[in-house]
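Data block below; observations after.
The values are calculated or read from the model by the stated rules, or taken from the named source; none is laboratory data. Keep in mind that what you see is a predicted model, and the values were worked out from it rather than measured. With ideal geometry, Cβ positions are generated from the backbone for all residues, glycine too; neighbour counts draw on all protein chains shown.
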Amino acid sequence: MLNADMSTRTSRIFLLAIFALSVFIGGCDTGHRFGAGFGDPPVTAPPDPPEPPDCISPSLNNVTPDPVQGTGGSSLTLEGVNFDPVLQQNRVLFRSFSNQTILEGYVTNVTIDTTDPNACGAPSFLQVVVPSGVRSGTVELFVNGVYSGADVFTGAPELVGFAVGDDGDTIFQNAGGTIVPDNVVMLYGYNLSSVTGANVDDGTTSQAADVETGTGLVNYTLPSDMEAVRVTLPLGIVPSGDTSPLSISVSADTGGLPLNSSAIQVPLATVLAPGEFSAVPPYTVAGLIPGGV
């Protein structure tokens, strides 16, 4: 009986030893020691090295001021690497979001820093004058004809026309200190989607006015890139003379310095008698409202 128990224990120990040895030899199937599975050759080659940085191509890294904004005649600074030291080989384009308006800025200066021979690319700085008529969209850099980067650009509001009344076929009238037919004027222009306020000057006082922007404000067909803003004139705006116009400007809040438009003159006649009005300046005809009205 004792010999039988000893034989059973010996057999169990022997089997456990064989199992442990097989695990030790086989190892864990991690894919590192024996590849993807048992029997595959070991993976010994290191991973491919990363691609070296491109220290030759021109690249735009930053545009100031931040946020990137401006009006015709203002300046922007473009920062990056490997610009061309020849001014004419660096082109800066201002492209509207609709891609309908593309204007080229005037590059006034470019500086290339080559003092550090170990730098990855030559730090470069470029100044450009924003062109007149610029639209909100992108500012793009091309060096030797090669696209080198872009940033989003916000243009200042630009007013080009107005319309009074639902059909845009009337003018404001001063009836004893009350503006008729109503106190709403539609202003047309460009870069108006971010407008947040307006200012109305009657020649004597200047007051803030409420504005509304967005699509669907008018039933007119607007040209490409043109937008509209609805301005509600403040109470108490009375012109200083019979034909003194209301001077209206708008401003946009973009997170940086406010962008202000130039003022547009909106004529206002005086009611002399029922159906009889004072004369108005001749510029109220033609060219002040968009086609299709």
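Among the residues of the range 269-279, some residue qualifies, meaning at least one is at pLDDT below 80, part of a loop (DSSP other than H, G, I, E, B) and touching a strand residue (DSSP E or B) at 6+ places or on another chain (Cβ under 8 Å). Evaluated against (1) in contact with a Phe, Trp or Tyr (Cβ under 8 Å, 6 or more places away or on another chain); (2) under 14 Å from Pro245 (Cβ atoms), Gly168 falls short on exactly one condition, (2).
Taking every residue in the range 120-147 that is without any contact (Cβ under 8 Å) to a residue 40 or more places away in the chain and surrounded by fewer than 23 Cβ atoms within 10 Å (Cβ to Cβ) and pairing it with any residue that is of a type in the set (Asp, Glu) and part of a strand (DSSP E or B), at least 6 positions away or on another chain, the pairs with Cβ-Cβ distances below 9 Å are Tyr147/Glu140. Can we say Val86 is at pLDDT 95 or above, in contact with a helix residue (DSSP H, G or I) (Cβ under 8 Å, 6 or more places away or on another chain) and either farther than 28 Å from Leu159 by Cβ or not hydrophobic (A, V, I, L, M, F, W, C) (or both)? Here the answer is no, as Val86 does not meet what is asked. Of the residues making up the range 256-263, at least one is modelled with pLDDT of 90 or more, surrounded by fewer than 19 Cβ atoms within 10 Å (Cβ to Cβ) and part of a loop (DSSP other than H, G, I, E, B). From the residues in the range 171-195 that are over 17 Å from Ser244 (Cβ atoms) and exposed (fewer than 14 other Cβ atoms within 10 Å of the Cβ), which one is nearest to the chain's Cα centre (by Cα)? For the range 171-195, the residue satisfying everything is Asp182. If Gly176 meets every condition in (1) touching a residue at least 12 places away in the same chain (Cβ under 8 Å); (2) more than 17 Å from Pro234 (Cα to Cα) apart from one, which number is that one? In the conditions (1) touching a residue at least 12 places away in the same chain (Cβ under 8 Å); (2) more than 17 Å from Pro234 (Cα to Cα), Gly176 misses (2) alone. Looking across the range 233-255, the residues that are modelled with pLDDT of 75 or more and hydrophobic (A, V, I, L, M, F, W, C) come down to Leu233, Leu235, Leu246, Ile248, Val250, Ala252.
Filtered by the rule that a residue be within 30 Å of Asn118 (Cα to Cα), at pLDDT 90 or above and hydrophobic (A, V, I, L, M, F, W, C), the range 33-83 gives Ile56, Leu60, Val63, Leu76, Leu78, Val81, Phe83.
Scanning the range 56-115 for residues that are of a type outside the set (D, E, K, R), assigned to a loop (DSSP other than H, G, I, E, B) and surrounded by 13 or more Cβ atoms within 10 Å (Cβ to Cβ) yields Pro58, Pro65, Pro67, Val68, Thr71, Gly72, Ser74, Asn82, Phe83, Phe97, Thr101, Gly105.
Which residue out of Asn174, Asn183, Asn199 is at pLDDT below 85 and within 21 Å of Thr213 (Cβ to Cβ)?
Asn183
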